[in-house]
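Undergrad: The following block contains the structure, expressed as structure tokens.
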Amino acid sequence: MHVKKRYDENSDIAEIEIHDINTKDIYKPSPKILDIHQPKHRKLLKAIPSDIHILLPIREGNDFIVMRLGWTTLQKTNLDSNDVEGRMYSNVLPFHYNLLKDYCKKAVTTKKTIKLRLYYYRNNRIQSIVHTTILEDNGKLYIVEDYSSEKEKNKPRIKEDKDSRKLELIEYFSQTGSYYKYKNKYTWTSGIYNIINRTPEIDDQYYNIVFNLVVDEDQHKVEKLLNNLGPESPHIEEIIKIKTKTGNIKYLDSHVYVKFDENNEIISKTGFFKDISHELTEKNRSMDYLINGFIKNSKLALLIEPFNSKYSFSEGFYEILELDKQHDYKNNWKHIIENIEEKEIVQKINGIQHGKINKLNETFTYYPNKSKENKKIIELSLESFYINNEIHHLGFLIDITKDIEKSKQLEYAKRQSIIIKEVHHRIKQFPNIE
């Protein structure tokens, strides 16, 4: 089990991801320290669809006494109200206390209403979303939780007009789809559901249903699509790899656009996705064997578009240069070239990157992490070419350190052999020397 917290400044809502929670860790038996009088409107509270928890703040809001626990939570945890009421919140429900204690104290001390969105995951797949409101009133703390009902999730879609149906057909045949995000809520076109192979659900408006399916090795691309947008760069594109709930692997050409107001505040986000899995499969099928050979090779790296952020480096690239896989080296080679000893090689790399030269075949000395104690000899072959007036790069990166060392050893052994033979030859010219 692990928890991830983040804060969405645009919607002023804290979001919390709870992964693989163990229900056995939620409740801990603890002694009762206060007799609780039943709320006057207990029957009414029970009839309300929302889960309403009532806590009594103690210790200046650092802890609470449970006065009431919502019925949905009681049922999910298989508890009776008598098991929790009158107990210390931190003792009887330690998981929820640790999850919400900071927000609860803030609501008590500031008298402000706190809004949260809780995402519950199981095996990296979202199971439920709980919209939570925390507020203080008349000396008590109220936690209101809203769950989406199964009826809402399975509600039939509204009949679409002719234009909507036409758009749906266009997206279907072009294998495209898009979303629009406004005031922190998503609107998805039907083409998206065709791409990810599932039907719409009511919770889809609260999270990015495409990015939620991205495989681990492409998560850094998602971070870039979400966090690197700004007034100077309102559009970013990436090719991402997703795994649908049915287990299908797909490649999506992804574009995210952002609109800003006069104060550079985000107004809306739009995303466009095109399924290019078939295109990539057809183009790369004949090269699969070749490319797969580079994926796990730690001494040889295939460089496909090393200056283009749409492509990824192979494992060998990071192994050879001893780099952090999480860092974005596509747009900034400074962390690489500053470790190269030969400055003329650095100038040539900059030259091919900016189109000043079109071919590079060099061997250079490389010091990982600027450490002079760890020296490597690297061979770099890189060539640029044009397709449709666009520049592209292809090449290889090879670690030849051990080959050089072996060559030096052989050269040394060869020289020693020559010296021994020469000495032996001279000795034979003087057979009578004792």
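The values are calculated or read from the model by the stated rules, or taken from the named source; none is laboratory data. What you see is a predicted model; the values in this text were computed from it and never measured. Every residue, glycine as well, gets a Cβ built from its backbone with ideal geometry; the counts of neighbours run over all protein chains shown.
Undergrad: Looking at the stretch 239-252, I want the residues that are among the polar types (S, T, N, Q) and have a partner that is part of a strand (DSSP E or B) with Cβ atoms under 9 Å, at least 6 apart or on another chain. Which pairs are those?
TA: From residues that are among the polar types (S, T, N, Q), the pairs are 244/250; 248/242.
Undergrad: Could you pull out every one of the strands (runs of 3 or more DSSP E) wholly within the stretch 345-400 that has 1 or more residues that are within 15 Å of residue 304 (Cβ to Cβ) and in the same structural domain as residue 335 (by TED's automatic domain parsing)?
TA: It comes to 376-387, 390-399.
Undergrad: Suppose we filter 211, 260 for residues that are over 23 Å from residue 307 (Cβ atoms) and buried (at least 18 other Cβ atoms within 10 Å of the Cβ); which single one remains?
TA: Answer to the check: 211.
Undergrad: Got a number for residues in the stretch 350-364 being out of contact with any helix residue (DSSP H, G or I) (no Cβ under 6 Å at 6 or more places or on another chain) and under 16 Å from residue 378 (Cα atoms)?
TA: The qualifying residues number 2.
Undergrad: May I pose another question? State all residues of the stretch 102-124 that are farther than 15 Å from residue 144 by Cβ and surrounded by 15 or more Cβ atoms within 10 Å (Cβ to Cβ); if no residue qualifies, say none.
TA: Of everything in the stretch 102-124, those that are farther than 15 Å from residue 144 by Cβ and surrounded by 15 or more Cβ atoms within 10 Å (Cβ to Cβ) turn out to be 105, 106, 108, 119, 120, 121.
Every residue, every condition in (1) in a loop (DSSP other than H, G, I, E, B); (2) at pLDDT 70 or above, yes or no:
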{"site": "241", "(1), (2)": "no, yes"}
{"site": "245", "(1), (2)": "yes, yes"}
{"site": "271", "(1), (2)": "no, yes"}
{"site": "290", "(1), (2)": "no, no"}
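Undergrad: Say whether the condition of being outside any helix (DSSP H, G or I), modelled with pLDDT of 75 or more and over 23 Å from the mean Cα position of the chain (by Cα) is met by at least one residue in the stretch 309-324.
TA: no
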